[in-house]
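Read through the structure below, which is laid out as structure tokens, and then see the notes.
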Amino acid sequence: MRKILLMLCLTTSYCLAADKPTSTAQVAASQRVLVERIARTYAWRLIEPGNHAADEEYAGAARQFDRQLATLVDASKRNAELADNYGLLGQLWSDFRTLTNGHADAQGAAKVLESSEDMAWIAEKGSQLWMAAGSHDAHSIELTEHVAALSQRLAKIYLLQSAGLKVAFLNKDLVTARAEFLDTAAKLKALPNNTPSITSEIALMEMQWGFFQQALDALAANRSDATLRHNVITTSDRIYEVANSLAERYQRLNGV
């Protein structure tokens with residue numbers, strides 16, 4: 001599937017301007033985050049059937065993805081390449097929404113994992129296209145959205161493993177995602193236009209990352225402990241919230 005997606009999305013020749021007040025580039029960047037978040041809520045609902053918080057989180061993320069996808073499809077009409085990208089994402093989303101909206105079970109978990117990988121790849125490709133087309137510096141926003149996506153991705157993988165899903169590449173992905181988080185945080189800290197308030201918020205994000213790592217390691221050692229699972233959910237949410245706050249700060253700072 002990924003090879004097919006790659007062939008559909010290789011060329012990049014277009015010239016578009018970012019929209020305001022919330023840029024299309026920022027909306028595109030958050031699509032990957034929502035894919036990972038929706039998959040994470042599926043794992044949560046699988047482990048804790050009937051959990052109201054998990055159901056509400058899924059519903060909210062799905063509604064947001066729907067709205068944003070409609071925005072991106074409309075904004076992409078002038079460019080065939082982007083229109084193809086979001087047309088494909090829309091097709092994948094239709095199946096993914098049906099899959100994740102249903103009863104969470106072990107068989108569905110493997111399908112959710114595979115589908116979320118494909119959707120995240122296409123969403124990221126669209127984000128890169130919009131970032132390159134923007135007339136403002138959106139690199140900082142792209143970095144913060146990457147942090148948010150990684151927090152949800154790591155939680156997704158650990159929760160799916162806790163639910164009993166065994167897929168060979170997951171352990172390697174965990175190592176890669178952790179390394180990517182540290183690299184992305186370092187890039188954020190090094191941005192030359194960081195204000196004191198942004199620097200303080202990055203420090204908060206790093207502190208939350210320390211708590212998140214502790215929660216992940218504890219859950220890896222005892223996957224049946226409900227308290228440890230909730231620690232992973234809670235700490236991943238805190239990083240997600242801080243990353244979103246940082247994205248808003250960079251948006252205002254850069255005039256994106």
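The values are calculated or read from the model by the stated rules, or taken from the named source; none is laboratory data. Since the structure is predicted, the reported quantities are computational estimates derived from the model, not experimental observations. Glycine also receives a Cβ, built like all others from the backbone with ideal geometry; neighbour counts cover every protein chain displayed. Remember, those area values only see protein heavy atoms, side chains included, never the ligands or the DNA or RNA. Shrake-Rupley method; radii C 1.70, N 1.55, O 1.52, S 1.80 Å.
For the reader, a short list of remarks on this structure follows.
- In region 86-98, the condition of being within 19 Å of Ala61 (Cα to Cα), polar (S, T, N, Q) and crowded, with 17+ Cβ neighbours inside 10 Å is met by no residue.
- Answer residue from region 217-231, given it is part of a helix (DSSP H, G or I) and within 11 Å of Ser162 (Cα to Cα) and is least open to solvent (accessible area, probe 1.4 Å) among those: Leu219
- Breaking point among (1) under 25 Å from Ala25 (Cα atoms); (2) buried (at least 17 other Cβ atoms within 10 Å of the Cβ); (3) at pLDDT below 95, for His136: (2)
- Selection from region 170-206 of residues that are under 17 Å from His146 (Cα atoms), of a type in the set (S, T, N, Q) and either in contact with a helix residue (DSSP H, G or I) (Cβ under 8 Å, 6 or more places away or on another chain) or not in a helix (DSSP H, G or I) (or both): Thr184
- Contact annotation: residue pairs with Cβ atoms under 6 Å, 6 or more positions apart or on different chains, pairing a residue in region 202-219 that is touching a residue at least 40 places away in the same chain (Cβ under 8 Å) with a partner that is assigned to a helix (DSSP H, G or I) and of a type outside the set (A, V, I, L, M, F, W, C), are Ile202/Lys189; Phe212/Thr235; Leu216/Tyr158; Leu219/Tyr158.
- Flag for Leu150 being open to solvent by less than 10 Å² (accessible area, probe 1.4 Å) and not charged (D, E, K, R): yes
- Condition check for Glu180 on (1) free of Cβ contacts under 8 Å to residues at least 40 places away in the same chain; (2) over 23 Å from Arg32 (Cβ atoms); (3) surrounded by 13 or more Cβ atoms within 10 Å (Cβ to Cβ): one failure, at (2).
- Evaluating Val256 against the criteria (1) under 21 Å from the mean Cα position of the chain (by Cα); (2) at pLDDT 90 or above leaves one unmet condition, (2).
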